[in-house]
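Participant: Quick one: this structure, given as structure tokens, is what I'll be asking you about.
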Amino acid sequence: AGKPAYPAEPYRVLFIGDSTTSRNDIPGKFARLAELGGHEVIVASSTRDYTSLATHSRLPQTTGKLENEAWDIIILQENEAVLLNPESRQAYSIPSIEKYIDIVDEKGGIILLYSSIGFREGLTDYEEFKHLDSYESTQDAVDLAYLEIGNELLLPIAPVGEVWRQVYAAKPAFDLWQLDGVHVSPEGAYLAASVFYAAIYNQSPLDLPVSDEFGIDPAAIELIHRIVAEVVFENQDQYRLPLFRP
């Protein structure tokens, strides 16, 4: 109920976020997966390191794209320092996302939340996050925060973090993070792009070719595709997917 109809291709997709979105070019990898799946797509991004969605709403590089162009899908990723603090999440994240909803509604688009990744060693360097002392605890906190926002604002979610959790559990030696334990490696970026492909097109990545152009081991790609399909399509009600009505 309330879902828009599928837009005509090419979809116009805008990513807004910080380095969790930009590192290793998740938007570009998503665009390439869409092409491999037989879709025409126009992808753009507005990203800046350490930048919250509230700050993005005042940045000319972001407001220009929102005000001057129409987007079918806008993908929002909140800075973790804001997201994981319940007070700042209520004070800044949710009001900011409501502003994005108003902008998108005027032009007939839809918001998709990017439920992102936990940090490999936790967040113990930050006093307010001392309790988040492991990957599991930070991933739990990130997942819960996005589910709370999605439930409050009735927004769909791309469950990148949950797929990440299950791939990491299945193959702990698989290097999803960069050396800093915070940002995505090329493999991690491919994982995120695969989740966006499944969430946006409502199509399984199992149907995509296992391409060597990404420089990733084919067995790893097959594992990612399988777990993306399981998480996305077995939990569609939880994540308010698919994006569009048939």
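The values are calculated or read from the model by the stated rules, or taken from the named source; none is laboratory data. This one's a predicted model, so the numbers in the text were calculated from it and none came from an experiment. Ligands, DNA and RNA are stripped out before the accessible areas are found, and what is left, the full protein with its side chains, is counted by its heavy atoms. Shrake-Rupley method; radii C 1.70, N 1.55, O 1.52, S 1.80 Å.
Participant: Just Ile16, Ile42, Ile97 to compare: in a GNM of the chain, with alpha carbon springs under 10 Å, which one fluctuates most?
Facilitator: Ile42
Participant: While we're looking at this one, here's another question. Output needed for the range 95-246: three equivalent-ellipsoid semi-axes, defined as square roots of 5 times the C-alpha gyration tensor eigenvalues, in descending order, whole Å. Present the calculation step by step, with values, prior to reporting the outcome.
Facilitator: On the way: eigenvalues 123, 103, 32 Å².
Those come to 25, 23, 13 Å.
Participant: Rank Leu33, Leu191, Leu153 by mean-square fluctuation in a GNM of the chain with C-alpha springs under 10 angstrom and give only the top-ranked residue.
Facilitator: Sorting by GNM fluctuation, first place goes to Leu153.
Participant: Of the heavy-atom accessible surface of the range 157-246 (probe 1.4 angstrom), what whole percent is carbon and sulfur?
Facilitator: So the carbon and sulfur contribution to the accessible surface is 50 percent.
Participant: A further question on this structure: So what is the accessible area of the chain per residue, in Å², with the probe set to 1.4 Å?
Facilitator: I get 43 Å² per residue for this part.
Participant: Please report the orientation-averaged projected area of the range 12-68, defined via the convex hull of its C-alpha atoms, in nm².
Facilitator: That works out to 4.0 nm².
Participant: So, with a 1.4 angstrom probe, what is the percent of accessible area on the range 71-137 that is carbon and sulfur?
Facilitator: Ligands and nucleic acids excluded, carbon and sulfur reach 48 percent.
Participant: Suppose we keep just the DSSP beta bridges with both residues in the chain; what percent of those would be antiparallel, to 5?
Facilitator: Percent antiparallel among DSSP bridges in the chain is about 5.
Participant: Could you tell me the center-to-center distance, by alpha carbons, between the range 222-246 and the range 171-199 in angstrom?
Facilitator: 17 Å
Participant: Kirkwood hydrodynamic radius for the range 11-134: how many Å is it when counted over pairs of different Cα atoms?
Facilitator: Details: mean 1/r = 0.0650 Å⁻¹.
When all Cα pairs of the range 11-134 are included, the Kirkwood radius is 15.4 Å.
Participant: Which distance in Å, rounded to a whole number, links the C-alpha centroids of the range 12-69 and the range 102-170?
Facilitator: 17 Å
Participant: What's the lysine pair count for the chain at a Cα cut-off below 20 Å, pairs eight or more apart or interchain?
Facilitator: 5
Participant: In the full protein assembly as shown, how much of Glu162 is accessible to a 1.4 Å probe, in Å² to the nearest 10?
Facilitator: Number for this one is 40 Å².
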